[in-house]
1. Would you please name the residue that is surrounded by the most Cβ atoms within 10 Å (Cβ to Cβ), looking only at residues in the stretch 1-38 that are more than 21 Å from residue 93 (Cβ to Cβ) and touching a residue at least 12 places away in the same chain (Cβ under 8 Å)?
2. Would you mind stating whether residue 41 is touching a strand residue (DSSP E or B) at 6+ places or on another chain (Cβ under 9 Å), more than 14 Å from residue 64 (Cβ to Cβ) and surrounded by 12 or more Cβ atoms within 10 Å (Cβ to Cβ)?
3. Where residues in the stretch 74-95 are in contact with a strand residue (DSSP E or B) (Cβ under 8 Å, 6 or more places away or on another chain) and exposed (fewer than 13 other Cβ atoms within 10 Å of the Cβ), which of them is farthest from residue 40 (Cα to Cα)?
4. Residues in the stretch 45-53: is at least one surrounded by fewer than 16 Cβ atoms within 10 Å (Cβ to Cβ), touching a strand residue (DSSP E or B) at 6+ places or on another chain (Cβ under 8 Å) and assigned to a strand (DSSP E or B)?
5. Looking only at residues that are touching a strand residue (DSSP E or B) at 6+ places or on another chain (Cβ under 7 Å) and in a loop (DSSP other than H, G, I, E, B) in the stretch 54-73, which one is surrounded by the most Cβ atoms within 10 Å (Cβ to Cβ)?
């Protein structure tokens with residue numbers, strides 16, 4: 001949960017941690033996370049290095065995926081790959 005007077009950087013870090021935690025909790029599921037524009041922006045900037053999100057329009061969305069490998073009964077998650085391109089799905093960003 002957010003802390004009172006949380007900074008913008010702290011909230012963005014929290015969004016990124018929540019996205020990762022939910023994906024880790026349900027590794028074999030496709031997830032639809034509904035959030036404010038800030039959370040949608042973090043789904044891009046949090047997983048694409050050196051990226052700045054300029055705008056997330058109303059009903060903007062991002063699509064991410066990651067490789068999951070199973071070996072000897074243990075599952076390992078790869079890094080997130082952002083599939084959404086700038087200008088697509090109502091999100092504008094640059095790197």
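None of the figures in this text is laboratory data; all of them are computed from the coordinates on show. Note that this is a predicted model, so its numbers are computed, not measured. Glycine gets a Cβ as well: all are built from the backbone with ideal geometry, and neighbour counts include every protein chain shown.
1. 27
2. No; evaluated as a whole, the condition is false for this residue.
3. Per the stated criteria, the residue is 75.
4. Yes: the stretch 45-53 contains one or more residues that are surrounded by fewer than 16 Cβ atoms within 10 Å (Cβ to Cβ), touching a strand residue (DSSP E or B) at 6+ places or on another chain (Cβ under 8 Å) and assigned to a strand (DSSP E or B).
5. Going residue by residue through the stretch 54-73, those that are touching a strand residue (DSSP E or B) at 6+ places or on another chain (Cβ under 7 Å) are 54-56, 60, 62, 64-66, 68-69.
Adding the requirement that they be in a loop (DSSP other than H, G, I, E, B) leaves 60, 62, 66.
Values: 60: 19, 62: 26, 66: 13.
My answer is 62.
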